[in-house]
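These notes are about the structure you will find just below.
The values are calculated or read from the model by the stated rules, or taken from the named source; none is laboratory data. Keep in mind that what you see is a predicted model, and the values were worked out from it rather than measured. All Cβ positions, glycine included, derive from the backbone under ideal geometry; neighbour counts span all protein chains shown.
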Amino acid sequence: MRQSATRKAATFLGGCLLLFACSLDYLSRDFAQNGGGGDIPDGGGAEGNYCQSLEAEPTFCDDFDKGIHSSWRTAAQGGGLVKVDDGALQISVPANAADAFAYIEKSLSPTSENMLVEFHLTAQSLAGQTKAYQTVRFEIPNGGGTSQVSLTFGDDPNTPDHLEVRVKEHHRFTDGGSKDNGYGVPIPFPIGHAVDVSMQVTPGTPTRVLVSIDQTADERSLSVAIPNAPNAKVALGVVQPESPSTGWNLAIDNVTIVAH
């Protein structure tokens with residue numbers, strides 16, 4: 001397994017990190033549609049080889065060597081599939097399926113000032129032309145409304161072997177209104193190759209988002225400030241693809257989360 005930049009990130013963010021023990025309950029290795037486990041408090045992690053090798057302990061780690069940790073909730077629809085195979089999380093969504101998705105989701109610490117997720121990703125499209133999909137989504141309550149900050153991959157017309165990377169914002173307000181915004185991240189993502197991906201959201205005024213792909217980083221401010229992050233969630237997989245779906249196979253491994 002490849003080493004990760006999490007050691008540096010966890011060391012930087014871990015100064016005021018509190019780690020809580022939890023039972024290491026693991027679910028079965030195969031998760032079909034609509035399977036999953038309930039949320040439990042953050043703190044534990046998987047006892048696989050990668051997680052044991054980290055010098056600085058993150059808030060949570062799962063390398064899927066023993067299946068999917070029970071603190072993940074799984075969701076799948078329209079033929080989407082979530083399972084573990086060969087020690088990695090396998091996410092698949094069929095081509096030309098309307099409203100198909102497949103992902104895992106986890107609650108973070110009750111209140112977080114920094115939220116970082118890092119993982120190893122291989123993405124393979126099942127059709128010649130790729131449509132965008134969200135592979136990471138933070139969902140954060142925001143003043144009675146909700147803010148979603150997503151890392152999205154889609155077509156790059158200039159480089160057919162790579163995907164365009166974008167950060168998307170979707171904010172829902174208490175008056176029923178909403179705001180959508182986004183920007184391109186100037187880091188190409190190769191199709192069919194294993195890549196280290198990380199995304200960090202730091203609430204505040206402004207709220208900062210740091211995206212890193214194989215240690216090439218891009219940092220920006222969101223258009224809407226998120227002052228804090230109570231009861232936030234993070235989802236990984238084909239979270240919200242354009243419809244009908246291109247069809248995707250994703251392999252996700254070595255997930256680490258730092259939230260404090």
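Things to note:
- Listed conditions (1) assigned to a strand (DSSP E or B); (2) out of contact with any Asp or Glu (no Cβ under 6 Å at 6 or more places or on another chain); (3) surrounded by fewer than 19 Cβ atoms within 10 Å (Cβ to Cβ) are all met by ILE252, apart from (3).
- Residues (closer than 14 Å to VAL239 by Cα, surrounded by fewer than 23 Cβ atoms within 10 Å (Cβ to Cβ), over 14 Å from the mean Cα position of the chain (by Cα) and not aliphatic (A, V, I, L, M)) located in region 53-89: GLN77, GLY78, GLY79
- Taken over region 178-193, residues that are in contact with a Ser or Thr (Cβ under 8 Å, 6 or more places away or on another chain) and in a strand (DSSP E or B) amount to 5.
- Checked against the criterion of being among the β-branched types (Val, Ile, Thr), modelled with pLDDT under 90, more than 18 Å from the chain's Cα centre (by Cα) and surrounded by fewer than 17 Cβ atoms within 10 Å (Cβ to Cβ), the candidates THR130, THR159 yield just one match: THR159.
- Once region 87-121 is narrowed to residues that are assigned to a strand (DSSP E or B) and in contact with a helix residue (DSSP H, G or I) (Cβ under 8 Å, 6 or more places away or on another chain), the residue that is nearest to GLN200 (Cα to Cα) is LEU116.
- Contact map, region 226-254: residues that are closer than 19 Å to ARG208 by Cα paired with residues that are surrounded by fewer than 18 Cβ atoms within 10 Å (Cβ to Cβ) and of a type in the set (Val, Ile, Thr), Cβ distance under 7 Å, separation 6+ or inter-chain. Pairs shown: PRO227/THR205; ASN228/THR111; ALA229/THR111; PRO230/THR111.
- Of the residues making up region 72-100, just one is of a type in the set (Ser, Thr, Tyr) and at pLDDT 95 or above, namely THR74.
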